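The values are calculated or read from the model by the stated rules, or taken from the named source; none is laboratory data. As the structure is a computational prediction, the values presented were derived from the model and not from experiment. Note that we place each Cβ from the backbone using ideal geometry, even for glycine, and neighbour counts take in every protein chain shown. Surface accessibility is based on the protein's heavy atoms, side chains included, excluding ligands, DNA and RNA. Shrake-Rupley method; radii C 1.70, N 1.55, O 1.52, S 1.80 Å.
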Amino acid sequence: MNWFVTESPRPAWIARWSHAPWLVIATVCFGAFMGQLDASIVTLAFPAMAAHFGHDPEWISLGYLITLVALLVPMGRIADRVGRKIVYIYGFALFTGASIACVYAPSFDALIAARIAQAVGAAMLQANSVALVTTAVAPEQRRKALGVQAGAQAVGLAAGPLLGGYLTEHHGWQAVFAINVPIGVIAMIAGHYLLPRTKTKPERTKPTWRVVPGLAGVLLTYAALFVPMTLLPFTMKQPLAHIGLTTAALPLGFAVAATLLCKPGVTTGALITAIALILPVPQVLQLLVAGIGLGIIAPSCTKRVMSALPEASAGVGSGLVNVARGLGTALGVALAGLLIHTFQ
């Protein structure tokens, strides 16, 4: 049974290939895409799930997010001991199996339990993603590699509302979970063959207080991102496909700015976001511009966090950023739920 907790090596010909590091990044992008797709796609199915189960839907996301945030650091420590590759692959296996459980959930409580299991798998993925990327490439290529990973996250975030509206309207809310299954199966196979063995010696680090402003910025950015994404399906009186297209404008703007606009800083991003709120243009354009502003703020704050830590503590920094992102998402969903109940 030693194979069960031992990382397998890549095939020798893959390990020797000059482009092998980019195969690692491509594999990690599966997790980056799927994690953000799941976070955003579920919001479009909230009304359908609320009608099906007769319960307030926000706990479908909050239970997931609270579990995810609580486990990010512990899962990172476990991966340091047994290997990031094996934890990453098992994370995909658990996330995929839990997605199937969501599809066939017989009750609201069963759905929440399956979502919590999904969150455990997602924590195993997110706690290792940045470390897998940074250890796969040379130092001079890390910024580019992390940019590719961020792009995959942004694409997943933007695709969620588009797919969520279509799948829910034509195939029911169960389809928003079923879509994870083929992605997860492909990712597990890719991870087995393309990820190198990654067991490392854990290091003790003490983050400096200089990271707090950056983490606060990440938290508030994701809260601002997820309030409208959760709220719009309940407030727009239009077909779900149209709602999905409108909602997707926000993460689409975020994706464009996060991957292409590297020079503007937090102040510029905040100004663009504020201007978007008062622009006399259609709602979809307001959301697009607001997304651009938020997409400038988030990477700038992340850079501030990582710059405040020594290179040896990059894993700690990435874990802290993921925690702030998860808490911000949970805060956004909770605020949207409060607004829904207040004005219904």
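Averaging over all projection directions, find the projected area of the Cα convex hull of the range 153-308 and quote it in nm² with one decimal place.
Result: a mean projected hull area of 12.1 nm².
Using 0.36 nm times the number of residues separating residue 12 and residue 109, minus their current alpha carbon distance, what extension gain do you get?
30.3 nm
Can you tell me the Rg and Dmax of the range 249-340, counting just the alpha carbons, in angstroms?
14.7, 48
From the convex hull of the Cα coordinates of the range 86-174, what is the mean projected area in square nanometres?
The orientation-averaged projected area of the Cα hull of the range 86-174 comes to 6.6 nm².
Quick one: plug the Kirkwood hydrodynamic radius of the range 256-297 (C-alpha pairs) into Stokes-Einstein at 25 °C, 0.890 mPa s, and report D in µm²/s.
246 µm²/s
Determine Rg/Rh for the range 2-158; Rg is computed over alpha-carbon atoms and Rh is the Kirkwood hydrodynamic estimate from the same atoms.
That ratio is 1.02, to two decimals.
Which order do the peptides 170-181, 224-235, 124-135 come out in when sorted by mean C-beta neighbours inside 10 angstrom, highest first?
Averaged packing, sorted descending, gives the order 124-135, 224-235, 170-181.
Give me the number: length gained by fully extending residue 66 to residue 82, i.e. 0.36 nm times residue separation minus the C-alpha to C-alpha distance, one decimal in nm.
The residue 66-residue 82 span can extend by a further 3.3 nm.
Across the Cα atoms of the range 98-147, what radius of gyration and what greatest pairwise Cα-Cα distance (Dmax) are found, in Å?
16.6, 51
Rule-of-thumb check for the range 1-78: C-alpha Rg over 2.2 N^0.38 Å?
Scaled against compact globular proteins, the figure is 1.63.
Using the Kirkwood radius over Cα pairs, work out the Stokes-Einstein diffusion coefficient for the range 220-286 at 37 °C and 0.692 mPa s, in µm²/s as a whole number.
252 µm²/s
Given N residues in the chain, what is Rg(Cα) / (2.2 N^0.38 Å)?
0.96
Just tell me, in residue order, which DSSP H segments of the chain are both 18 angstrom or longer along the helix axis (alpha-carbon based) and at least -1.0 in mean Kyte-Doolittle hydropathy.
Once both thresholds are applied, what remains is 20-44, 58-82, 84-103, 108-136, 142-171, 180-194, 212-235, 240-260, 266-278, 283-307, 314-343.
Compute the length gained on full extension between residue 192 and residue 116: take 0.36 nm times their separation in residues and subtract their Cα-Cα distance, giving the result in nm to one decimal.
Taking 0.36 nm per residue and subtracting the Cα distance, the gain is 24.9 nm.
With n ≥ 4 as the cut-off for DSSP H runs, can you work out [θ] at 222 nm for the chain, using -39500 (n - 2.57) per run divided by the number of residues, rounded to the nearest 500?
-27500 deg cm²/dmol
Per residue, how much accessible surface does the chain expose to a 1.4 Å probe? Answer in Å², no decimals.
Spelled out: the 1.4 Å probe surface of the chain, per residue, equals 46 Å².
As I understand it, the dipole of the chain uses +1 on the Cβ of Lys and Arg and -1 on the Cβ of Asp and Glu, about the Cα centre. Which of 163, 135, 28 lies farthest toward its positive end?
Value: 135.
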